[in-house]
2 protein chains.
Amino acid sequence: MTHQPVIILVNPQMGENIGASARAMLNCGLTELRLVAPRDGWPSESAAANAAGADVVIDNAKVYATTKEAVADLDFVYATTGRVHQLNIPIDTAEQAVQRLRAHDGRSGVLFGPERTGLVGDDVALASRILTFPLNPDYKSLNLAQAVLLVSYLWFQAGGVPEPSQYHRTKKTRPATKADLDGLMEHLTTELDAASFFTSPNKRPSMLLNLRAAFSRMEPTEQDVLTWRGIIKALVKGQR
Amino acid sequence: MTHQPVIILVNPQMGENIGASARAMLNCGLTELRLVAPRDGWPSESAAANAAGADVVIDNAKVYATTKEAVADLDFVYATTGRVHQLNIPIDTAEQAVQRLRAHDGRSGVLFGPERTGLVGDDVALASRILTFPLNPDYKSLNLAQAVLLVSYLWFQAGGVPEPSQYHRTKKTRPATKADLDGLMEHLTTELDAASFFTSPNKRPSMLLNLRAAFSRMEPTEQDVLTWRGIIKALVKGQR
């Protein structure tokens, strides 16, 4: 079984960003947060306020004095950076990285640098690989919590999460059958003929086909078909 | 060529979030931002401050009074929502949605609701499809700018892998805009009222929303809308 990767924020400056990172992590099922010497100390009120209910992440965050200590028990670590470092460390896109994290079978972590500067070389050198986001080359500066979100989200998605239908259930009567649609089309055609809608008879077949296609595309429910039939009836009778 | 989708923030409350959204957009090469009645007015100092250099997005943002106006010139619109709406609109994951946006060949947009409540049903009904993030089912509340980032990032990454467009259109008229659909709905509503179609007045709004959703789902062409209007006219006049 894959362990979840630990998210490690190195010298984060703003409590807001720590809170927003915690929220983004929990959105994606990640709960292990580590902080290396946060600038404004710990615990942090603004972190808690911005976690928006992701208290489980904030409350269990562990604080370390150095990056080295924060990764000591991990065996596979990514350094998130968009800068070019003079280090011979292989670089993966975020998408490639989450695949490796999923496949890795020990304890892994992902390092994120401070807001202003990003990770320094000493921290990057602790990593097994570099994680980078393929972004707009003219504007790559990503907010800290946004970077945490992207890694967390891609990690979560790489696990094969269920399709949205499992989360959402809209109220549905049964889908309309083709016979329901046939009935609707017959009804509509009869009334359109009665109203002399088809002024050019040789266009009639293709117009009817297009109407039928439009109804099919709508993927109507049984109730939708009943509503449409009610509409046709009302429009026809209303003006009598 | 794929146009970039327009990002539309409906009633955003915090300038910070507008700024952070602009930044996330530009990270991913998106530049067209629209705002529907931002709570604290526009322009916004806090938006500009939080855009962190993404001025091109903030400076060119367009402001609208209503969501309807903000999508009037678009022909394919996603509503981003994690809530269950009683509307029969198809739901895509964000990953599926960006594929459709890439494949779509007219003007598209993605709606995001206000921070506290998300999109209301009236706004969702303006959309062709719903976009949802498959997140931790126990903690799905996503910050506004985070939601914008995920859509923008996935759209950017999806570049170059266009899928065949969903429907084969024999006659290549342009796709109907939301304004075309507004006109159709107004026409139909007027005639249905004249025909006393809505026997129970408190069901009228939801029936109209569902009708609108059905037309959106159809992804009609301009010609389809003209045909529908012709049908309504014919049915009403035919029996006089």
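The values are calculated or read from the model by the stated rules, or taken from the named source; none is laboratory data. The structure presented is a predicted model; accordingly, all values stated were derived computationally and were not measured. All Cβ positions, glycine included, derive from the backbone under ideal geometry; neighbour counts span all protein chains shown. Calculation scope for accessible area: heavy atoms of the full protein, side chains included, ligands and nucleic acids excluded. Shrake-Rupley method; radii C 1.70, N 1.55, O 1.52, S 1.80 Å.
Tabulated values for the structure
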| quantity | calculated |
| --- | --- |
| Relative contact order (%) - criterion: Cα under 8 Å, at least six apart; region: chain A | 21 |
| Projected label distance in nm at residue A:45 and residue A:31, using a 7 Å step from Cα toward the beta-carbon | 2.9 |
| Max mean-square fluctuation residue, GNM over chain B, Cα-Cα springs under 10 Å, options B:154, B:192, B:126 | B:192 |
| Distant-in-sequence amide H partners of residue B:6 (H built 1.01 Å from N, under 5 Å) | B:108, B:109, B:110 |
| Dipole of the range B:6-157 [Lys/Arg +1, Asp/Glu -1 at C-beta], most positive-end residue of B:48, B:84, B:153 | B:84 |
| Per DSSP, loop trypsin sites (Lys or Arg not before Pro) in the range A:1-97 with at most 10 further Cβ within 10 Å | none |
| Other protein chain Cβ atoms within 10 Å, averaged over every residue that makes up A:8-18 | 0 |
| Cα-based convex hull volume of the protein assembly as shown per residue, rounded to whole Å³ | 151 |
| Whole-Hz ³J(HN,Hα) from phi, Karplus 6.51 cos²θ - 1.76 cosθ + 1.60, for the range A:47-61, glycine and proline x | 5, 4, 5, 8, 6, 6, x, 7, 4, 4, 6, 4, 5, 9, 4 |
| Helix A:204-217 vs. chain A, principal-axis angle (Cα, 0 to 90°, nearest 10) | 40 |
| Entries in B:68/B:140; A:233/B:237; A:68/A:140; B:68/B:233; A:178/B:237; A:140/B:68 that, when Cα-Cα distance is taken, lie over 22 Å | B:68/B:140; A:68/A:140; B:68/B:233; A:178/B:237; A:140/B:68 |
| Amide proton proximity set for residue A:130, modelled H, under 5 Å, gap of 5+ | A:79, A:91, A:92 |
| Fraction of accessible area attributable to carbon and sulfur, chain A (%, probe 1.4 Å) | 51 |
| Dipole magnitude of chain B about its Cα centre (Cβ charges: Lys, Arg +1; Asp, Glu -1), debye to nearest 20 | 820 |
| Calculated [θ] (222 nm, deg cm²/dmol) that DSSP helices of n ≥ 4 give over the protein assembly as shown, each run adding -39,500 (n - 2.57) | -13000 deg cm²/dmol |
| At least 20 Å² accessible surface lost relative to isolated chain, residues of the range B:210-232 (1.4 Å probe) | B:211, B:214, B:217, B:218, B:224, B:227, B:228, B:231 |
| Å² per residue, accessible surface of the protein assembly as shown at 1.4 Å | 44 |
| Residue mean of other protein chain beta carbons inside 10 Å, B:88-95 | 4 |
| Part-to-part distance (alpha-carbon centres) for the range A:170-215 and the range A:63-82, which is given in Å | 64 |
| Full-extension gain in nm, residue A:226 to residue A:196, via 0.36 nm per residue minus C-alpha separation | 8.4 nm |
| Peptide B:75-87 - average C-beta neighbours from other chains (10 Å radius) | 1 |
| Heavy-atom accessible surface that B and A bury in contact, both chains counted, 1.4 Å, Å² to 100 | 5700 |
| For residue A:64, residues with placed amide H under 5 Å, excluding near neighbours | A:35, A:36, A:37 |
